[in-house]
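Okay, structure first, notes after.
The values are calculated or read from the model by the stated rules, or taken from the named source; none is laboratory data. The structure displayed is predicted, hence computed values, not measured ones. Cβ sites come from the backbone with ideal geometry, for glycine too, and all protein chains shown count toward neighbours. With ligands, DNA and RNA removed, areas are computed over all heavy atoms of the protein, side chains included. Shrake-Rupley method; radii C 1.70, N 1.55, O 1.52, S 1.80 Å.
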Amino acid sequence: MEFDLENPLTNFDDFHVSSSVPTFIPSFFLVESDHMPTETYIKTLEASDLATSIRREAICSISQFSRKFSSFLSYLAVNYLDRFLSSQGLPQPETWVLRLVAISCVSLAAKMNKLEFELTHFQGDGGYMFEAQTIKRMEYVILGALKWRMRSITPFSFISFFISLFKLKDPPLMDVLKARAVEIILEAQNDIKLLEFKPSIIAATALVCASHELFPSQFPSFRKAISYCPYVNKENMLNCYNSIIDMGWRSNKAEDTVSQQFSSSERDMLKRRKTNDYGKKHTVHLSQVQHC
């Protein structure tokens, strides 16, 4: 079955019902930690410029190898990379090793998405040539390190769930909110500060940021809806919010999202909605996130 980042675990299609919680809770919350790098790996990156440089070089190679595919495939490959390095330890800073790991992660991500990934397109790229058998062996090493858990649970797995809590009735509003949250998630992956947060927290925070940008008057209700979810730790969401701010989150990209996603008439409607929001002189402060 084709892999879907928004619904990665085919045997968890249904939601579990908790008598103490008046909402349907996705089973992804129960197992998302199994798809994260270890705390030791994160601390190593935070404490070592060399370790950070090794990861950055590997991510650059992944971006190069996956440039013909969607950003989601690259995201999945980087997820494999972090979990693999977390399990096996950071390798020596040898370019050929990093490129072998990177091309293997991209190849596995392409296979999960049932996409054609011709290894011959990258032979000699950067001065290194890998035999197909060499890449295949590395793929098996990665598969073993990840315990064959290739259907990664990522922030994308939680976006639809959190949006459903907002009870939006206008499809264009839902689409633009989701699109902007997706952009924030993609932009945030390479920053090591975000590695410590669970995928669900990153998804919740991305939607908080997106709603802050696009619909400030509705922001308090959006924030409240997410904060009432029993699986969302408010303190962790605040810390994640601060980390996204620190990495240079750019509010002006919201206008780009609107332009790319909608027709001119829909853009006019959204702009009027946003203008009306600001006309109410509703100001959003970080303290509102902190005290939600």
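Miscellaneous remarks
- Close lysine pairs were tallied over the range 99-215: pairs 8 or more places apart or on different chains with Cα atoms under 19 Å apart number 7.
- Accessible surface of the range 37-146, 1.4 Å probe, proportion on carbon and sulfur as whole %: 52
- Rounded to the nearest 20 debye, the dipole magnitude of the range 37-146 is 240 debye, with +1 charges on Lys and Arg beta carbons, -1 on Asp and Glu beta carbons, and the Cα centre as origin.
- Full-extension gain in nm, LYS111 to ILE245, via 0.36 nm per residue minus C-alpha separation: 44.8 nm
- Each label was represented as a point 7 Å from its Cα along the Cα-to-Cβ direction; for VAL141 and ASN190 these points are 2.5 nm apart.
- Couplings for the range 146-163, taken from phi via the Karplus curve 6.51 cos²θ - 1.76 cosθ + 1.60 with θ = phi - 60°, read 8, 6, 6, 8, 9, 8, 4, 8, 10, x, 5, 5, 10, 4, 4, 4, 5, 4 Hz in order; Gly and Pro are left as x.
- The range 155-252: C-alpha pair distances exceeding 24 Å, %: 11
- Of interest is the spacing of the C-alpha centroids, which for the range 30-57 and the range 170-233 amounts to 23 Å.
- In the full protein context, the range 189-238 carries 34 Å² of accessible surface per residue, based on a 1.4 Å probe and ignoring ligands, DNA and RNA.
- For the range 27-90, the solvent-accessible area with a 1.4 angstrom probe is 44 square angstrom per residue.
- FRET efficiency, 1/(1 + (r/R0)^6) with R0 30 Å, evaluated for MET129 and LYS68 via beta carbons: 0.95
- Reciprocal mean inverse distance between Cα atoms of the range 37-146 - Kirkwood radius, Å: 13.9
- Accessible surface of the range 155-252, 1.4 Å probe, proportion on carbon and sulfur as whole %: 49
- For the range 188-196, backbone phi angles converted through the Karplus equation (6.51, -1.76, 1.60; θ = phi - 60°) give residue-by-residue couplings of 7, 4, 6, 7, 5, 5, 8, 5, 6 Hz, Gly and Pro being listed as x.
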